[in-house]
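The values are calculated or read from the model by the stated rules, or taken from the named source; none is laboratory data. Nothing here was measured: the structure is a model prediction, and the numbers come from that model. When we count neighbours, we look across all protein chains shown, and the Cβ atoms used for this are built from the backbone with ideal geometry, even at glycine.
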Amino acid sequence: MNPVFMERWSPRAFSDQPVDPEDLAAVFEAARWTPSWMNNQPWYIVYATEDPDRQAILDTFMEFNREWASAAPVAGLVVAKTDLEGRMASTRDYDVGAAMMALTIQATMLGLSIHQLGGIELDAAHELLGLDPEVGSVLTGFVLGHRGDPGQLSDKQQAKEHPGDRKPVSEFAVEGTTLPF
């Protein structure tokens, strides 16, 4: 297995060092090449590197996420198109997740870190983007940048500043047709 998968984790300590525009373009290019049903590419990645837009995105994050995420130089929201039919509708979240994984692995390969977070105020995010839920749905938020000093985090956040445990493969890869639940 390529070590990039084990190097990837979701830190909370970010440096305010700007992300090189070429590196930022590369992570979005990785998402661009992600496979999707019928090449539908149902994702939109809304991001900002400068205030007031960056701060407006951060303001849609729940308070416990804003306290650490505000240090990261790139803040964003991930949107999935909802005005899809048939198989495109049934695979859209899978496709968007695949695009974010491609973006994440590319960021890791460039020495950057990304922390995706579900702790966002969905109504506020939809309002910020002027997004009709019939057309698009905010799935997650994220911050991207260079890792920072964990000492800048609260004690509670410092305790979480390490890669999380993973289930053994035997707990989720099932040979045959019988699920364990």
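For the reader, a short list of remarks on this structure follows.
- Hits in segment 25-39 (condition: modelled with pLDDT of 95 or more and aliphatic (A, V, I, L, M)): A25, A26, V27, A30, A31
- Options R166, R87, R147; residue that is under 15 Å from P42 (Cβ atoms) and not hydroxyl-bearing (S, T, Y): R87
- Restricting attention to segment 50-61 and to residues that are over 15 Å from the mean Cα position of the chain (by Cα) and not charged (D, E, K, R), the residue that is surrounded by the most Cβ atoms within 10 Å (Cβ to Cβ) turns out to be A56.
- Matching residues, segment 137-167, being of a type in the set (K, R) and surrounded by 12 or more Cβ atoms within 10 Å (Cβ to Cβ): R147, K160
- Candidate set: segment 66-75, residues that are touching a residue at least 60 places away in the same chain (Cβ under 8 Å) and surrounded by fewer than 21 Cβ atoms within 10 Å (Cβ to Cβ); chosen: the one nearest to the chain's Cα centre (by Cα): P73
- Verdict on G164 being more than 29 Å from E50 (Cα to Cα) and in contact (Cβ under 8 Å) with a residue 12 or more places away in the chain: yes
- Residues satisfying the stated conditions in segment 106-136, i.e. of a type in the set (A, V, I, L, M) and in a loop (DSSP other than H, G, I, E, B): L110, L112, L131, V135
- Residues located in segment 126-155, provided they are of a type in the set (S, T, Y) and closer than 18 Å to N65 by Cβ: T140, S154
- Pairing residues of segment 77-103 that are free of Cβ contacts under 8 Å to residues at least 60 places away in the same chain and in a helix (DSSP H, G or I) with residues that are small (G, A, S) and crowded, with 19+ Cβ neighbours inside 10 Å, at Cβ distances under 8 Å and at least 6 apart in sequence or on separate chains, gives R92/A80; D93/A80; V96/A80.
- Being in contact (Cβ under 8 Å) with a residue 60 or more places away in the chain and in contact with a Leu (Cβ under 9 Å, 6 or more places away or on another chain) holds for only one residue in I57, I45, and it is I57.
- For segment 99-134, residues that are over 22 Å from A56 (Cβ atoms) and in contact with a strand residue (DSSP E or B) (Cβ under 7 Å, 6 or more places away or on another chain) total 5.
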